[in-house]
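S.K.: Sharing a structure, written as structure tokens. Questions coming.
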Amino acid sequence: MDTRVEVKQRKQEDAELDITPMIDVVFLLLAFFVVVSKMDPKPAVDLPIARYGKPVNEKEAISLIVRSTGTLESPVIVYGRIQNNVELSLDPEEQNQQITDFVAEEFAKKPNLTGVIIKTESGVKYQNTNRVFSAIKKAFDEGGIEKPVLVAVEEPQ
């Protein structure tokens, strides 16, 4: 009695996988995520809605962003466009000098800028916004700059 079992060898052609269904699933997943994703980025600062005025081109002005730290005396101010993310000192006097220096340097580099835009986050006290205005005014006075200072608000939809 012969107990050998005959094993058939598979041909190399039988080992190939059909990846067509996997490609279909990938495209379905891609389509799903494109449909359900939100493409609207969250704004950097929660601005109040505008009632009057006209739009200003932000790329032609210096942007100062005033954020609240929860204390009355020292907000955190991030200056420049959003990409810079430069945090200033928490000491109000040092902040004032840093703002003055920054504004003066920007106008020295680009004298054709149209002005300064201040974006103030909700919850920042008027006292702190006024302090930023004073620092900008000091830079204007020292440099002989006569440009407008604008407060940013969100356009109504």
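S.K.: Which is more than 21 Å from GLU58 (Cβ to Cβ), in contact with a Ser or Thr (Cβ under 6 Å, 6 or more places away or on another chain) and outside any loop (DSSP other than H, G, I, E, B), of GLN127, GLN95?
M.R.: On the way: GLN127 fails: in contact with a Ser or Thr (Cβ under 6 Å, 6 or more places away or on another chain).
After applying the criteria, what remains is GLN95.
S.K.: If LYS42 passes every condition in (1) at pLDDT 85 or above; (2) surrounded by fewer than 10 Cβ atoms within 10 Å (Cβ to Cβ) but one, which one does it miss?
M.R.: (1)
S.K.: Just to check your reading of the model, which residue among ALA135, ALA108 is over 16 Å from VAL66 (Cα atoms), assigned to a helix (DSSP H, G or I) and not aromatic (Phe, Trp, Tyr)?
M.R.: One residue alone meets the criteria, ALA108.
S.K.: Next question. Anything in segment 45-72 that is of a type in the set (S, T, N, Q) and at pLDDT below 75? List them, or say none. Break it down stepwise before answering.
M.R.: Step one: list which residues in segment 45-72 are of a type in the set (S, T, N, Q), which gives 57, 63, 68-69, 71.
Selection gives SER68, THR69, THR71.
S.K.: Something else now. Cβ-Cβ distance below 6 Å, separation of 6 or more or different chains: which pairs start in segment 54-65 with a residue that is of a type in the set (Ser, Thr, Tyr) and end on one that is in a strand (DSSP E or B)?
M.R.: Close Cβ pairs (under 6 Å, with a partner that is in a strand (DSSP E or B)) amount to SER63/ILE117.
The values are calculated or read from the model by the stated rules, or taken from the named source; none is laboratory data. Note that the coordinates shown come from a computational prediction; the quantities given were computed from them, not determined experimentally. Glycine gets a Cβ as well: all are built from the backbone with ideal geometry, and neighbour counts include every protein chain shown.
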